[in-house]
Amino acid sequence: MMKVSAATIIRNAGFEDAGAIYTLIKNHPREVIPRAVSDIVQNIDRFLVCVAQGRMVGTAAWQILPEIGRATHPSIEIKSVTVASGFQGQGIGTAMIKAVIRRVKVYHPAQIVVLTFSPDYFRRFGFREVPKETLMHKLYMGCINCTKYDSPFTCPEVAMTLAVKARRQ
Ligand SMILES: CC(C)(COP(=O)(O)OP(=O)(O)OC[C@H]1O[C@@H](n2cnc3c(N)ncnc32)[C@H](O)[C@@H]1OP(=O)(O)O)[C@@H](O)C(=O)NCCC(=O)NCCS
């Protein structure tokens, strides 16, 4: 658990949060890809939530991307980053993204990936734009089943990566 302020914390999600996470994501369909409750429940161990004054006001998730062959340092994607409308602009998104980065670094991924409509926001955390072609594993996983755009190469989302330092033995 991490304290953001006196009445605001970031913690691991539990099953009881699934409904609120579903609604939060669903309320931002233009910026975040909607997720089914069953998908959220099955991946609840990959969600953080922010609770302010007893209310769930933010969420962020991650996913390990597939690699072909013997992958020792796969990429991890940060996804489903959402702050409730009335709570935006108070540093909650920043605290959550920093918390997710810290959380996934323990796995020593080669890089952290994000697909976003807000590249300027993610630049603040060190993410840099990359051509989508360099993230084919991501495109195969998520984008191939997308119902919003007919091709990842015409989709307006920007691909960005954050390099992660290799583990020192
Ligand atoms: C984007 C989002 C997660 C940011 O969370 P937040 O809690 O409002 O952000 P913060 O309070 O941490 O913002 C910190 C700074 O980033 C800026 N910022 C916020 N959203 C931004 C955006 N979309 N693009 C660029 N800068 C942004 C803020 O103006 C603020 O600037 P300041 O420090 O100079 O005052 C939130 O607005 C949100 O949930 N939006 C809808 C869903 C979405 O777009 N998710 C991202 C999908 S990848």
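Since every read-out is calculated from the coordinates, none of them should be taken as a lab result. Because the structure is predicted, anything quoted here is derived from the model rather than measured. Counting neighbours? That spans all protein chains shown, and the Cβs are built from the backbone with ideal geometry, glycine included.
What number, rounded to the nearest 500 deg cm²/dmol, is the helix-based mean residue ellipticity at 222 nm of the chain, given -39500 (n - 2.57) per DSSP H run of at least four residues and division by all its residues?
That comes out to -6500 deg cm²/dmol.
Taking the Cα atoms only, what angle lies between the long axis of helix 92-105 and the longest principal axis of the chain, rounded to 10 degrees?
50 degrees
So what does the Cα-only Debye profile of the chain read at q = 0.14, 0.15 Å⁻¹, as log10 I(q)/I(0), no solvent term?
For the requested q values the scattering log ratios are -0.73, -0.85.
Given +1 on the Cβ of Lys and Arg, -1 on the Cβ of Asp and Glu, and no further charges, what dipole in debye does the chain carry about its Cα centre, rounded to the nearest 20?
Its charge dipole is roughly 660 debye.
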